[in-house]
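The values are calculated or read from the model by the stated rules, or taken from the named source; none is laboratory data. Because the structure is a prediction, the values reported are computed rather than measured. Only protein heavy atoms, including side chains, enter the accessible area calculation; ligands, DNA and RNA are left aside. Shrake-Rupley method; radii C 1.70, N 1.55, O 1.52, S 1.80 Å.
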Amino acid sequence: MDASTGRQSDAFAGEVRGELSPRTARALWCGSAGLVIVALGIPVSVVGAADGRRLLAAAALVLVQVCALRWQVRVPIPVLAVTTMAGIAVWELLPAVTLTGALLAAQVTLCVLSATRPRRVSLWALAAMCLPVALEFGAGGGASPAVYVLTVVLAWTLGQWRRARQERMRAEARRAVAEERARIARDVHDVVAHTLSVMVIQACAADDVFTERPDQARQALRAVEMAARSALGELRLTLRAFRPEADEGSAGGPRRPGPPSLARLGELADTVRATGMTVYVHREGATDGLPAAVDLAAYRIIQEALTNTLRHAAGADEVSVRVTDEGHCVKVTVIDNGRAAQGFSAAAGGGRGLVGMEERARLVGGSLRAGPRPGGGFEVAARLPVERAS
């Protein structure tokens, strides 16, 4: 990531937090200063041409307003006071200049204050900005007081609109962060829970036969190593978003496993078979062209269902995995022949596992059902809708 991209990212982050980047603040000052010079400076120079002293004083007051706008983002309340007093002074010197035009800088500052400060503060500023209208009434301004009030209210409303937009952006950013954290938590849970279950079973098996059958113990320990390496690879893929530059720099390193998908279902089944469990895998239809989100959700649901079988299905020695492509959806079914362990229930979710599976199915618009079968065993069945490009 180069320096210019980093600066753009920082500026966007500041916008999301409701702050203005230095570049944006400078652009705002240049725009508002130019507006005041054109919309107020020109009328002042025309109206005051007949009186040099009044013209000089009014021009100086316009310059004060333009300079004060430089700090309208940092300290809008003092800037609002300065521009309001200077604008009223311009109007007193040159009554032919309307109050609305003389207080243009103050209206711009009110808009900025409304966008960057709490609503109650900006309401007080709005009320204070409406007070000078009494001067227009005293001077018999006709329709000018109504025009002035309208422009002041419009400036405040524009600031409120921008403030609401920034609040929506902040809410969307918080929601995106929360969803990403939940996704990473689900992935880490799936990887760690499955791998640790396999490793514990293999380690116990190795301990049982360590003396009598060292070759079998050695095979179990190799299975532990393979499971750990696979888990590390998946964790690297899960956390790659946090270190994109590190992944780009290690392109010449050792080849890592691909992302979890139904294409690696055989590897997943092998890790469970290594524990002594018989695993049957059935595929019906073409499941190699699924959308990435559906493919990952199906893989994770199967992974978690197999993990629950290892951890909670007492007496289970056989599990069947069936993946069926029905065109408009993919149906995933995992059935074991065990019985639920003491304290495990589908209603309670068996911990985080079933809740995570239901959430994964819901995120892709699908549904999931899990529970004991009437004839014994436990079944997890999910239907995941598929939208293929025509």
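Please list, in chain and number order, the residues 5+ apart from Cys329 or on another chain whose amide H is under 5 Å from its amide H, with Hs placed from the backbone.
Val386
Round to the nearest 10 and report in Å² the accessible area of Met169, as given by a 1.4 Å probe over the protein chains' heavy atoms.
Answer for Met169: close to 40 Å² accessible.
Report ³J(HN,Hα) in whole Hz for each residue of region 35-50, in order, from the Karplus equation J = 6.51 cos²θ - 1.76 cosθ + 1.60 where θ = phi - 60°; Gly and Pro get x.
After applying 6.51 cos²θ - 1.76 cosθ + 1.60, I find 4, 5, 4, 6, 6, 10, x, 5, x, 4, 5, 6, 5, x, 4, 7 Hz.
Given region 47-141 reduced to its alpha-carbon atoms as identical point scatterers, what log10 I(q)/I(0) does the Debye formula return at q = 0.10, 0.23 Å⁻¹?
The calculated log intensity ratios at q = 0.10, 0.23 Å⁻¹ are -0.27, -1.12.
For region 304-312, take each phi angle, set θ = phi - 60°, evaluate the Karplus expression 6.51 cos²θ - 1.76 cosθ + 1.60, and give the result in whole Hz per residue in order, putting x for glycine and proline.
5, 5, 5, 4, 5, 4, 5, 8, 10
How do Asp51, Asp270, Asp207 stack up against each other in accessible area, from largest to smallest, with a 1.4 angstrom probe? Don't skip to the end; give the middle numbers.
Details: Asp51 60, Asp270 85, Asp207 115 Å².
Putting Asp51, Asp270, Asp207 in descending order of accessible area: Asp207, Asp270, Asp51.
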